[in-house]
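Any read-out appearing in this document is the output of simple, stated calculations on the displayed coordinates, not a laboratory observation. Fair warning: this is a prediction, and the values are worked out from it, not measured in the lab. Don't worry about glycine lacking a Cβ; one is built from the backbone with ideal geometry, like all the others, and counts go over all protein chains shown.
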Amino acid sequence: MSKARYLNLGFKSLTFLASLSVLAIIAGIFVCLLWESLPALRHFGIFKFLFTADWNYAQESFGALRPLTGTALTTFLALLFAAPVAVGTAIFLTELCPHRLRGAFGTAVELLAAIPSVIYGMWGLFVFAPFLEASVQPLIGKTLGLLPLIGFFFQSKLAGGVNVFTASLVLAVMITPFIASVTRDAFNQVPATLKESARGLGATQWETIRQVQIPYSRQAIGGGAIIAMGRALGETMAVAYVIGNRHAPLDSLFAPYATITSVLANEFNEAAGLQLSSLFTLALALFLANFLALYLGKKLLKKEL
Amino acid sequence: MDLLEVKNLDFYYGSQKALADVTLNIRRNAITSLIGPSGCGKTTLLRCFNRMHDLYPGNRYAGEIRLQGRNILSKNEDLINLRSSVGMVFQKPTPFPMSVFDNIAYGPRLKGQRNLSFLREKVEKALRQAALWEEVKDRLKENAGGLSGGQQQRLSIARTLAVDPEVILFDESTSALDPISSQKIEDLMTELKKDVTIVAVTHNMQQAARVSDYTALMYLGSLVEYDETEIIFTRPQKKMTEEYVLGRFG
Ligand SMILES: Nc1ncnc2c1ncn2[C@@H]1O[C@H](COP(=O)(O)OP(=O)(O)OP(=O)(O)O)[C@@H](O)[C@H]1O
Ligand SMILES: [Mg+2]
């Protein structure tokens, strides 16, 4: 064989090994998590672990219900806040923004995604939380808080601005750029003649966007949102700063609570025994949820293109 | 009076002049073909008729286009109204991401029509006119993207018909279709001219000769010759026309 062919073969094996190592790492992490989770899973049983709200160090009784619901709730709210803003941003970037400014605005949105999450956490804790507590919380308390039956959920009971609402908003700010850029790319894929067909029937620009462009891109938007959801699920630092990591029943949107990531970030250092194993079980749940979100998101994105 | 009267029309994409001093009258209830080599301005002219160029910045018209006597290039022309009386069908089908029924009902609904039995009638009529009813009458609720290419193109035509246009513009609307679908659309055009006026861009000389009543040859943004199709194809005035239709040029 010639030298070039040897080099080629070497190169191929090298890249193959590199990609194999990625798979090995993922598998390794999964096995480790599972292994370390076993004591807790054996002791409590999967079902009891998932549906118990206890988190009691003294009695060594641990259940995942609060961190799980905390993660689900903050992620859901974050998506709820982020999606309209992101789609609006994408509409602006692709349809309304003057051509000269598109590049600059697009880059600005992408920069937002590049800010390290610990900075979002600090900003959330020192700037955003006090601001929300002073202005938004009282407002919501005085409006939604007066509703019968569900009103209590919108009233502030503890001071500090560190709570589910703040955490969800900080998460929303963090995932907005990603959904916005996926949506923008999807809008750019809409054939010009499709938009022109709608305009040609007498639709306004807004009607075209709402009735043709968004439905045409909905899969990609959904895929982007699900991938963003995966990020929100696993976001640690920002949430750890502003959620409060409180193991108590959630009685208000403006109460501190716990998420999987806040529990892990706060308790991992000092945990041992069953608590440590329970933390590993939480991590395993997060790993699986993340995996699923990424898989579903990519699948939706691919179908579109 | 002819339906569309184009007088000394110039058109600019920014600073680039794409149409120069085009003057022609489009006859009512007839099919007029626009032919000419690639880049000569056929699409550009077609898109002046519904002011589609206004969707993009920097485009400019000069001259006049009269639709039933009214200058549609005037500043206060109502474009939404204009575009529903001048429909357009593109080269590739453009089904909206919704059901067959909703596609056809899209235009009437934009105008505020909510009455379901009226919409049903309208949809059926448009689909019949577009020779698509028999094929889709049991699939009205299905997504339009599931139809075949040729069906989707007739759907685009039916969707345009549902807003009762005066004119329908076809921009190479059969060139992406198989011969049978393409033939169906040709037949359809001949059928439709009872009700509407048709302006069609085509690169297919046989098609222009077969279906159109009038033919206009364009070259480098100008009109070279415009006459009855039979004359253009058998005894044109200009040498260039003769060479073009014989395929010796362009
Ligand atoms: N959006 C645009 N911006 C700038 N120039 C354009 C634009 N669209 C078309 N042109 C130019 O205008 C001229 C006429 O183009 P047009 O698309 O009308 O040609 P056509 O006759 O339809 O060609 P074809 O047969 O290839 O479709 C060409 O020189 C083309 O490069
Ligand atoms: Mg063209």
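Side notes on the structure shown:
- Residue-normalised convex hull volume from the C-alpha trace of the stretch B:176-234: 97 Å³ per residue.
- Environment charge of A:ALA113, counting only residues whose C-beta is closer than 13 Å and scoring Lys/Arg +1, Asp/Glu -1: 0
- Amide hydrogen neighbours beyond the local backbone of B:THR197, cut-off 5 Å, H modeled: B:ASN29, B:VAL167, B:ILE168
- Based on every Cα atom in the stretch B:114-237, Rg and the maximum pairwise Cα distance Dmax equal 16.5, 54 Å.
- For the stretch A:126-271, average projected area of the Cα convex hull in nm²: 12.0 nm²
- Peptide B:155-168 has a mean shielding of 1, counted as Cβ atoms of other protein chains within 10 Å of each residue's Cβ.
- Lysines with Cα under 21 Å of B:LYS193, excluding same-chain neighbours fewer than 8 positions away: B:LYS42, B:LYS122, B:LYS125, B:LYS184
- Length-normalised contact order of chain A in % [C-alpha pairs under 8 Å, at least 6 apart]: 27 percent
- Inter-chain shielding of A:217-229 (mean C-beta neighbours from other protein chains, 10 Å cut-off): 0
- Legend: Rg and Dmax of the stretch B:114-173, from Cα coordinates, 11.6, 35 Å.
- Each Lys and Arg Cβ is given +1 and each Asp and Glu Cβ -1; about its Cα centre, chain B then shows a dipole of about 580 debye.
- Rg/Rh, computed from the Cα trace of the stretch A:115-198 with Rh as the Kirkwood radius, has the value 1.21.
- Here the residues B:TYR61, B:TYR13, B:TYR226, ranked from fewest to most Cβ neighbours within 10 Å of their Cβ, fall in the order B:TYR13, B:TYR61, B:TYR226.
- Dipole of the protein assembly as shown, positive end: most advanced residue of A:ALA53, A:PHE154, A:ASN269 [Cβ charges, Cα centre]: A:ASN269
- Largest-first principal axis extents, alpha carbons of the stretch A:187-305, Å: 68, 31, 20
- Counting neighbouring Cβ atoms within 10 Å and putting the fewest first, the residues A:CYS97, B:CYS48, A:CYS32, B:CYS40 line up as A:CYS32, A:CYS97, B:CYS40, B:CYS48.
- The mean of 1/r over all pairs of different alpha-carbon atoms in the stretch B:4-245, once inverted, gives a Kirkwood hydrodynamic radius of 18.5 Å.
- Among B:GLY69, B:VAL22, B:ASN8 - extreme Cα towards positive end, dipole of the stretch B:1-76, charges at beta-carbon: B:GLY69
- Helices meeting the span-like rule in chain A (full DSSP H runs, Cα extent of at least 20 Å along the helix axis, mean Kyte-Doolittle score of -1.0 or higher): A:3-44, A:65-91, A:99-114, A:164-189, A:214-234, A:273-304.
- 10 °C / 1.306 mPa s Stokes-Einstein diffusion coefficient of chain A, Kirkwood radius on C-alpha pairs, µm²/s: 72 µm²/s
- Estimated from helices alone, the mean residue ellipticity of the protein assembly as shown at 222 nm is -17000 deg cm²/dmol (sum of -39500 (n - 2.57) over DSSP H runs with n ≥ 4, per residue).
- Dividing the Cα radius of gyration of the stretch A:1-123 by its Kirkwood radius returns 1.19 for Rg/Rh.
- Mean-position separation - Cα centroids, the stretch B:89-158 and the stretch B:183-250, in angstrom: 29 Å
- Fluctuation leader among B:THR202, B:THR215, B:THR94 - chain B, Gaussian network, Cα springs under 10 angstrom: B:THR94
- With viscosity 0.890 mPa s and temperature 25 °C, the Kirkwood radius over alpha carbon pairs of the stretch B:1-136 converts through Stokes-Einstein to a diffusion coefficient of 144 µm²/s.
- Considering only the stretch B:4-245, percent of DSSP beta bridges that pair antiparallel, nearest 5: 60 percent
- Here the Kirkwood formula puts the hydrodynamic radius of the stretch A:81-152 at 15.3 Å, using every distinct Cα pair.
- Counted charge near B:PHE96, where neighbours are those whose Cβ lies closer than 11 Å (Asp, Glu -1; Lys, Arg +1): +1
- Spatial extent of the stretch B:53-104: Rg and Dmax, with the Cα atoms as the point set, Å: 14.5, 41
- Residue mean of other protein chain beta carbons inside 10 Å, B:84-94: 4
- Modelled spin labels at B:LYS75 and A:SER13, positioned 7 Å past Cα toward Cβ, are 7.7 nm from each other.
- Total lysine pairs under 24 Å (Cα atoms) in chain A, excluding pairs fewer than 8 apart on one chain: 4
- With neighbours defined as other Cβ atoms within 10 Å of a residue's Cβ, the residues B:ARG66, A:ARG210, B:ARG235 order from fewest to most as B:ARG235, A:ARG210, B:ARG66.
- Taken over the alpha carbons of the protein assembly as shown as equal point scatterers, the Debye sum produces base-10 log I(q)/I(0) values at 0.06, 0.09 Å⁻¹ of -0.48, -0.84.
- Note on chain A: GNM, Cα springs under 10 Å; of A:GLU95, A:GLU207, A:GLU110, the largest mean-square fluctuation is that of A:GLU207.
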